[in-house]
Amino acid sequence: MKKFSVLLALAFSLVAFNAKSLSLTFENDIAQSGNVFISSSPTFSKIDLYANIETIGVVVSGSNLPATADLVFNRDGETSWHAGYPIKRIDNGRLVSSLFGLSPSTSYNIKVINGITEIVGKVTTQPDELQFTPTAILYVNGNAAPSGNGSQAAPFKTIQEGVNHATPGTQVLVADGIYQENVSFPASGCCGQLDTGQG
């Protein structure tokens, strides 16, 4: 019986020694060669929020980002959080998602969470109507004569004519009707002077 106890104790000692040796070898492999892969925790370094009228685009940058993470949001002042669509990693290594069905002109808190890692941002959705005072107004009516000048009395016949004559700060008002045309926009707005169309 004594012989068996000694052999058993010797066996446990060898197992313990081999486990220590294995642990040291594993740590040395990491320190010396870097061949062993260790998964690091994700780091969220930046959140960009792109607010529209009823939607918000969410983009998170960082390192070791997961394939997906949780996206939650609430209105400013609310205590409960609402789940959004999961945020997913795209090819360039960022996490991307969108929130839908939001209210215009409302401040939202946005949070992206992966385990204990999280990042928070805040943004306000845009109003449902742009606050815009046009510098000029052009009119379009599909039933107008072809020689119109864009005034209310002599509107342009096509949307393209209105767009072609618009400069930054111009509003183009389009009368009800069916306009079968492809419209291209040769000019664009400038700092605080939008080009708008309304129909």
* **Loop GluC sites (Glu not before Pro), segment 42-128, which have at most 14 other Cβ atoms in a 10 Å radius of their Cβ (DSSP)** => GLU78
* To do: Find the relative contact order for segment 43-124 and round it to a whole percent, using C-alpha pairs within less than 8 Å whose residues are 6+ positions apart.
  => 34 percent
* Structure fact -> Taking Cα atoms only, Rg over Rh for segment 57-199 with Rh from the Kirkwood formula is 1.18
* Asked: To the nearest 0.05, what FRET efficiency results for LEU102 and ALA153 with a Förster distance of 25 Å applied to their C-beta separation?
  -> 0.05
* To do: Within the set of other residues whose C-beta is less than 14 Å from the C-beta of ILE119, count the net charge using Lys and Arg as +1 and Asp and Glu as -1.
  => +1
* So which chymotrypsin sites (Phe, Trp or Tyr not before Pro) in segment 123-163 pass both tests, a DSSP loop state and at most 15 other Cβ atoms within 10 Å of the Cβ? -> PHE132
* q = 0.15 Å⁻¹, segment 32-129: log10 I(q)/I(0) [Debye, one scatterer per Cα] -> -0.59
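We did not get these values from a lab; they are worked out from the coordinates using the rules stated. If you're wondering where the values come from, they're calculated on a predicted model, not measured in any experiment. Methodologically, a virtual Cβ is constructed for each residue, glycine included, from the backbone with ideal geometry; neighbour enumeration extends over all protein chains shown.
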